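Student: Right, I'll just put the structure down here and ask away after.
The values are calculated or read from the model by the stated rules, or taken from the named source; none is laboratory data. All values reported here derive from a predicted model rather than from experimental measurement. As a convention, Cβ positions derive from the backbone with ideal geometry for all residues, glycine included, and neighbour counts pool all protein chains shown. Surface areas here come from the heavy atoms of the whole protein model, side chains and all, with no ligands, DNA or RNA. Shrake-Rupley method; radii C 1.70, N 1.55, O 1.52, S 1.80 Å.
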Amino acid sequence: MKGIRNGSAAEVDRPTARLSMAYIIVAYVAFGLAALAGMVQGMVRGGIMELPSWTNYYQILTAHGVLMALIFTTFFIIGFLFSGVARTTGGSLHGTALRFGWSGFVLMVIGTAMGVVTILMNEASVLYTFYAPLKASPYFYIGTALLVVGSWLGGFGIISSYRKWKRENPGKMSPLFVFMSVTTFVLWIVCTIPVAIEVLFQLIPWSFGWTPTINVMLSRTLFWFFGHPLVYFWLMPAYIAWYVNIPRIIGGHVFSDSLARLAFILLLLFSIPVGFHHQLMEPGISPGWKMIHVILTLIVVLPSLMTAFSMFAVFETTGRKKGGLGLFGWLKKLPWTDVRFFAPFVGMLFFIPAGTGGIINASNQMNAVVHNTIWVTGHFHITVGTAVALTFFGVSYWLIPVLTGRTLTPTANRMGMVQTVFWAVGMFLMSGAMHGLGLAGTPRRTDYTTYMDHPTALSWMPYQQVMAFGGGLLFTAAILLILILGYLAFFAPKGNAEYPIGETDGEQHTPGILERWPVWVGVLAFLVVMAYGYPIMEQITHHAPGSPPIRTW
Ligand code: HAS
């Protein structure tokens, strides 16, 4: 089949392949369950079905959010990055990295199981943001802590591989994939420290009843200290695939090694000190601090614009090299029938309105219109649910064959194209309706209600049905995806699929400063202290009376 190449030898060794596959299998089990919960909640919200008495909307919503946003993403990302780090550092992970990888995996699986069991027991319907004063079972929070600590071990594995490579290649810049993976994990480790503090020192003692009340404002601030970089933790691995894997898949080159590294450094620096843009409507944080976070938010848009520029450049130069003429003739030369390119490309297209929506959210006055409406749900379904998810699907279509020593067959490729179209149409309908409804004032995170047949609420119903229909298409796409990936993992013909790693067109000089971690971690520490130091100190010293636990379900 045109556009799908086979390498001549295994691209990563068996221990690495086993480790990566373990993470990816858990990721897709979580994805399947989350997709089912998503479809059900869409149907309920659209007034198409009612839930049996033994469950409720918020339980299903929590299961969907936790499994999709926290479990699917984190497991997939670690599995993917381990494989790419191994591939670009000689094909294998050394013993320390493997040990970190497996210990992290075990902790994460235990944490996930604890979270899932407490949700199933209806003891943790606190949604994926587990906002206080809603109180879950302490075991839900302990599970969350184990998930975070386990993911750190995964990160240490990646960082230890990087350090080993640097020791063996003194004075050289690390491979781009490795550099980007390390940046992603530095971001992750820094941003999960505050949420770990929230969980360990606030939520767990309070949920066990050892402390009667909780400082709500502080807990939310610590959550969003983590919550915004979390979205970049999802996005950066997708960007890694865009910067490093896609150029090779389309037969082109990485546009600029320096630009790619600079974009990642900027993401690291500016995605953390911005959490107040999720709290713009909350009292207790003064407008001045909110404004600083908004300015930094607008700065973190820059690396995404650099990425857009870089991707356009890769596409155009590759298309022209292949003989594309005229203003848009190069577009025709891109491998449109190769799902490894098509799925992430559709994700990129969605990311244009998705990013624009993010800029709207970040503007204080416009945030007042959309905050806590279902617009925000629409926003994150086309960012993480489409740009990121479609990229992860595109990666899975080639990564799983690489890891299992099989091949992406023409039929699987065609089915992948169909799956991508279903996902895109489903998401277009569902998120489009969510955006429209949000502007009409429909709140997010509410069960089906007509507000006692209020005419305004009744006017939302047709759009909620469109949402449900879109959700149905998404579920169909999810089933199709799992079937294709299952086939690729266990039944596809044996072979040596290529792990696509792009390179620059000839030697490029990358300034060494881009890899000088003490400088960037120092700047990051300064920005974090500047943006959060005083507000957090104020929230600790001048806090409102704390809240006892509340259970609304
Ligand atoms: Fe967001 C809320 C602001 C990006 C996820 N966001 C959320 C929530 C989630 C989320 C999950 O300021 C809800 C949290 C909750 O439950 O309450 N977001 C932004 C901004 C950006 C942004 C400024 N968000 C993301 C990404 C996410 C994500 C990425 C997941 C992966 N977001 C907000 C704000 C809120 C918010 C407020 C709070 C709302 C509220 O009130 O609650 C920016 O980083 C976006 C920058 C992106 C761009 C797009 C660049 C385009 C590219 C594609 C190029 C296309 C190509 C195709 C190359 C500027 C890179 C080529 C085409 C050819 C034809 C060849």
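Student: Would you pick out the residues in region 210-221 that are away from the ligand (no atom under 15 Å from the Cβ) and open to solvent by 10 Å² or more (accessible area, probe 1.4 Å)?
Tutor: Scanning region 210-221 gives W210, T211, P212, T213, N215, V216, M217, L218.
Student: Could you tell me which of the residues G357, G347 is open to solvent by less than 10 Å² (accessible area, probe 1.4 Å), more than 8 Å from the ligand (Cβ to nearest atom), in contact with a helix residue (DSSP H, G or I) (Cβ under 9 Å, 6 or more places away or on another chain) and within 19 Å of L235 (Cα to Cα)?
Tutor: Only one candidate passes the filter, namely G347.
Student: Determine if region 306-323 includes at least one residue that is in a helix (DSSP H, G or I), of a type in the set (D, E) and within 11 Å of the ligand (Cβ to nearest atom).
Tutor: yes
Student: Ok, one more. Go through region 224-238 and count every residue that is more than 9 Å from C191 (Cβ to Cβ), open to solvent by less than 10 Å² (accessible area, probe 1.4 Å) and more than 8 Å from the ligand (Cβ to nearest atom).
Tutor: 2
Student: Would you check if T55 is away from the ligand (no atom under 16 Å from the Cβ), open to solvent by 10 Å² or more (accessible area, probe 1.4 Å), hydroxyl-bearing (S, T, Y) and under 22 Å from the mean Cα position of the chain (by Cα)?
Tutor: no
Student: Hey, another quick one. Which condition number does R445 fail, the rest of (1) modelled with pLDDT under 95; (2) away from the ligand (no atom under 16 Å from the Cβ); (3) open to solvent by 60 Å² or more (accessible area, probe 1.4 Å) being met?
Tutor: (2)
Student: Could you pull out the residue among L488, L514, L527 that is part of a helix (DSSP H, G or I), within 28 Å of I400 (Cα to Cα) and under 29 Å from the mean Cα position of the chain (by Cα)?
Tutor: L488
Student: Of everything in region 465-513, what is buried (at least 21 other Cβ atoms within 10 Å of the Cβ) and of a type outside the set (A, V, I, L, M, F, W, C)? Give them in sequence order.
Tutor: Those that are buried (at least 21 other Cβ atoms within 10 Å of the Cβ) and of a type outside the set (A, V, I, L, M, F, W, C): G470, G471, Y499, P500, G502.
Student: Let me ask something else about it. Does G378 satisfy being within 16 Å of the ligand (Cβ to nearest atom), part of a helix (DSSP H, G or I), touching a strand residue (DSSP E or B) at 6+ places or on another chain (Cβ under 7 Å) and over 30 Å from A86 (Cα atoms)?
Tutor: Taking the combined requirement at face value, the residue does not satisfy it.
Student: With the condition kept exactly as written, say whether any residue in region 69-81 is assigned to a helix (DSSP H, G or I), more than 19 Å from A389 (Cβ to Cβ), touching a residue at least 12 places away in the same chain (Cβ under 8 Å) and not acidic (D, E).
Tutor: No, every residue in region 69-81 fails to be assigned to a helix (DSSP H, G or I), more than 19 Å from A389 (Cβ to Cβ), touching a residue at least 12 places away in the same chain (Cβ under 8 Å) and not acidic (D, E).
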